[in-house]
Structures are given as C-alpha cells and as structure tokens.
C-alpha cells in the first residue's frame, strides 16, 4: 500500500514497513505559542536567519491573537501570541512557557487525512475546514498527539498567496542573511514514564508509521542518568519523530527535567538540516546562539571511531561539532543550549553525509554535556 501511494506521488519509499496510508508529503510548518511573537520573530530572524513571510493580527481582522510567519528554505515557523487575557493560548503559555503547539503536516487531502486517522483512534482537534480568499483555498484538519501537542493536516495545492487565507505578506525593512538551514530532519517528543511505547503505537496504528530504530538505557546512559527512545517514521522518510521517555538513573534525567519545567509531554527539540554545518554553526555562533560543548578529549580518537571524513577536524573541534557513522555514511551534528528561559526546547543542527541514523556514538558525550548544564541549573 505504501509503495503504491508513494509511487503515485513520485515519493521514494525509505521505510517500507510503514503503511503510509495518508500519505505525508512533508512538514508544512511548526507553530509555537509564545509570550511575545514580535520579539520572538526578531530573534529567529536575527539569530537564525529566518525570513519574514506572512502576518495575521489586528490589521487582518484577528482580535484575540497575532501570528508572525517565518521561513528559511523548506522550514516554516509560525509564532503566535494572545492579544487578550484568558483563552487557550494564554493557558498554554502559563502552563508550558513558550513551546511547540502544532506540528503541521503537508498532505494532498486534509479531509481524508482526518477521517483516516480519527477512524483509527485519533482524538479530533480540528474538524476539516476550508479557508478561502482571492488567492485560492487551503483545507485544514487536525488531531491530538502527546501532551497538548497537535498535528494539523494542511492541503494547499490550490493556494498561491502568502502562507494561507487570513494572512497578508509581511515585508519589513529588516532582513537578516539566511544561515543555510534547509529543512526539518526530525522532531523529538518527550513523554512521561512508560509512555514511549503507547505513543509509538499511536503513530503506527493511527498514522501508519513504522519504527526506524530504537535505543534503550544501555545505549543512552551516563553515570547518573538514562533515557529510552524509539524513532517512528512515515514511508517516504520525510517525517521522523523520535519519542523519548525517562529511564531509571541515579539522578534526574534531562527528560525528567523537561517534563518538570514543561509540565507534561511535549516537543523537546527540532533538528534542522544544513548542507554546510561548519558555515551554518559559525554564522549562528557569531549571532549569539549558544551550543553545548563536549570535552576536547572527544576529538582525540573520534576519527579512529568514525573513519575518514571530508571535513578537516580542526573547525569541527573549534565549533564543538560531533561526528558519527553508520552503515550508509556519516553525519555531523551539534545541539544548542535551551533557547528559552525554561530548560525545555532546544535545536539540533545536522548534516547528513549518507547516514540515516541519529548519532548513537555521540550519546554518552552529549548527555554528559547536558548533565553539566543541568548541574549548573541545580536540577541534576
């Protein structure tokens, strides 16, 4: 079934175990509820190189909220803030702080996507609705997933305006240079104790995903903490959702810290892909983005572990970029410190040189670096 559906859309099948009955064409956008959308937009433009795309607010007829839409290549962020007291957005921000509310998925039939997932057990969030203006129409629908996170299905083949109906083009004078970010490689969800399998089964049953890889507490553990993770993927491999849960350790793990400060399950990080990680990370660092650092000793034997790579080791060492290899190639990756006041959401920068894995060989060094940050916050 997945082969037939993907072939008809000229989409390669990367995960043949996935049923892929929707199918999903890619990530349309990620919406974050934030306390101050205007200032958050300036941060993502100035520090990350996102470009202004669209705006909705009082000037477009909205009375209760405002949204700024930013884009860099295939990555689109929607930053939404409330304009009045009360309501779901204020409640969400009070409970969770700034965070991801919606992972919107690009589909060719939003109504069918809603019907197929709901009949398989998804809880409805948004009944199918058509939004229309002079530039065409967009059909939207949505379902709940872990925590208060939702998936919005977006059908936009008949629309050629800015973002979607209800928005207007946003054209400020200020535009920062892009930093080479290309697309969302994967998005990671943190869930509570013993909930990982429940949500992996949700993605398998409700959305037709299949497990790509799994890690247990033997793979992801340090002297103090541990976690477990499974990676769920759709058939064409464009949507990958690792799901993490805590595992028993001597001290509080990063997953427990996240759940404590986020007050429940939610999106832990977005992994953004680049074709030149050295330039991207150099630009981001120069603009004030802070990254986790592993000890210098990591680089003493890393090439013995991963073998020959195209890049010179010195700039990777200078920037703190990690290297790992699997049977199909290698990858380069680095993780920011939390980008919010609460130690919740962070961003990964990743460049794949053939590898399809997620950096298993870096886990110990990475999580020890995270623990050093936790210790400085007094939450380890």
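The numbers here are math on the coordinates, done by the rules we state, and not lab data. None of the values given here were measured: they were computed from a predicted structure. Because the Cβ atoms are built from the backbone with ideal geometry, glycine has one as well, and the counts that use them run over all protein chains shown.
Structural remarks
- For segment 324-338, the set of residues classified as touching a strand residue (DSSP E or B) at 6+ places or on another chain (Cβ under 6 Å) and on the phi < 0 side of the Ramachandran plot consists of 324, 328, 330, 331, 332, 333, 334, 335, 336, 338, listed by residue number.
- Only one entry in 356, 352 is part of a strand (DSSP E or B) and more than 15 Å from the chain's Cα centre (by Cα), namely 352.
- Any hit, segment 300-314, residues being in contact (Cβ under 8 Å) with a residue 60 or more places away in the chain and farther than 22 Å from residue 96 by Cα: no
- Residue in segment 162-174 that is in contact with a helix residue (DSSP H, G or I) (Cβ under 8 Å, 6 or more places away or on another chain) and under 25 Å from residue 273 (Cα atoms) present: yes
- Scanning segment 105-125 for residues that are in a helix (DSSP H, G or I), over 24 Å from residue 237 (Cβ atoms) and touching a helix residue (DSSP H, G or I) at 6+ places or on another chain (Cβ under 9 Å) turns up just one, 118.
- When each of 304, 341 is tested for being exposed (fewer than 14 other Cβ atoms within 10 Å of the Cβ) and in a loop (DSSP other than H, G, I, E, B), the lone residue that passes is 341.
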